[in-house]
Amino acid sequence: MNMVAPWTRFYSHSCCLCCHVRTGTILLGVWYLIINAVVLLILLSALADPDQYHFSSSELGGEFEFIDDANMLIAIAISLLMILICVMSTYGAYKQHAAWIIPFFCYQIFDFALNTLVAITVLVYPNSIQEYIRQLPPNFPYRDDIMSVNPTCLVLIILLFIGIILAFKGYLISCVWSCYRYINSRNSSDVLVYVTSNDTTVLLPPYDDANAVTGTTKEPPPPYVSA
């Protein structure tokens, strides 16, 4: 009869490059934190100097404003929220507080759902790609080259690219979820799992709880007497 802990039997500890799921979650949280911090700095600089993101008609074939003040403030608020979520996730994985990882996991699910909707839209409405490219400014980089590609090949390339992104995001989601379950199992009571020969699992309570129920205590061993 084999005795194993529940987290070693049911949960995987390996992550990207064979590192532990806690390490992977911490690195992922730090990476997202850096990205959102850079985005926040760009938004703040754009808010401080709006002319920097205002292009003339000679540059884009028409008057174009990068973003207005209202949308800028919304984007800054979203960036601050994302920074808070990333900090919570990193702290939760480092200090082994599983509840702190949940907001970051929910964000990953939301982001995965949005990318899935984009893939479905491209698959159902393939002509929308060509229409979107036609709406780009005439001097947009590689606009004519993209327009010259066969529409079917262009759709397949975009779907392949989105599929790779979804597979990678799904892998990161599984990493964070494994970290959450691992921390939960480590923080729970030390319940041992006994696996018998017929694959039935028996959960035994801790030793102190079992003594409290039966009302028995283990007697100390007799004193050692030298011969």
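Regarding the stretch 102-152, what whole-number volume in Å³ per residue does the convex hull of its Cα atoms give? Kindly include the intermediate steps, with their values, before the conclusion.
On the way: hull volume 5.1 nm³, N = 51.
Spread over its residues, the Cα hull of the stretch 102-152 gives 100 Å³ apiece.
For the pair Phe112 and Leu156, what calculated FRET efficiency results from E = 1/(1 + (r/R0)^6), where r is the Cβ-Cβ distance and R0 = 22 Å, to the nearest 0.05? Don't jump to the answer; show the numbers that get you there.
Values: r = 22 Å, r/R0 = 0.98.
Computed FRET efficiency for Leu156 and Phe112: 0.55.
Please report the carbon-and-sulfur percent of the accessible area for the stretch 81-196; probe 1.4 Å, protein heavy atoms only, DNA, RNA and ligands left out. The partial results should precede the final answer.
Values: 4970 of 7130 Å².
Accessible surface attributable to carbon and sulfur in the stretch 81-196 totals 70 percent.
The values are calculated or read from the model by the stated rules, or taken from the named source; none is laboratory data. Bear in mind the structure is a predicted one, so any value in this text is a computation, not a measurement. No Cβ is skipped: glycine too gets one built from the backbone with ideal geometry, and neighbour counts run over all protein chains shown. Calculation scope for accessible area: heavy atoms of the full protein, side chains included, ligands and nucleic acids excluded. Shrake-Rupley method; radii C 1.70, N 1.55, O 1.52, S 1.80 Å.
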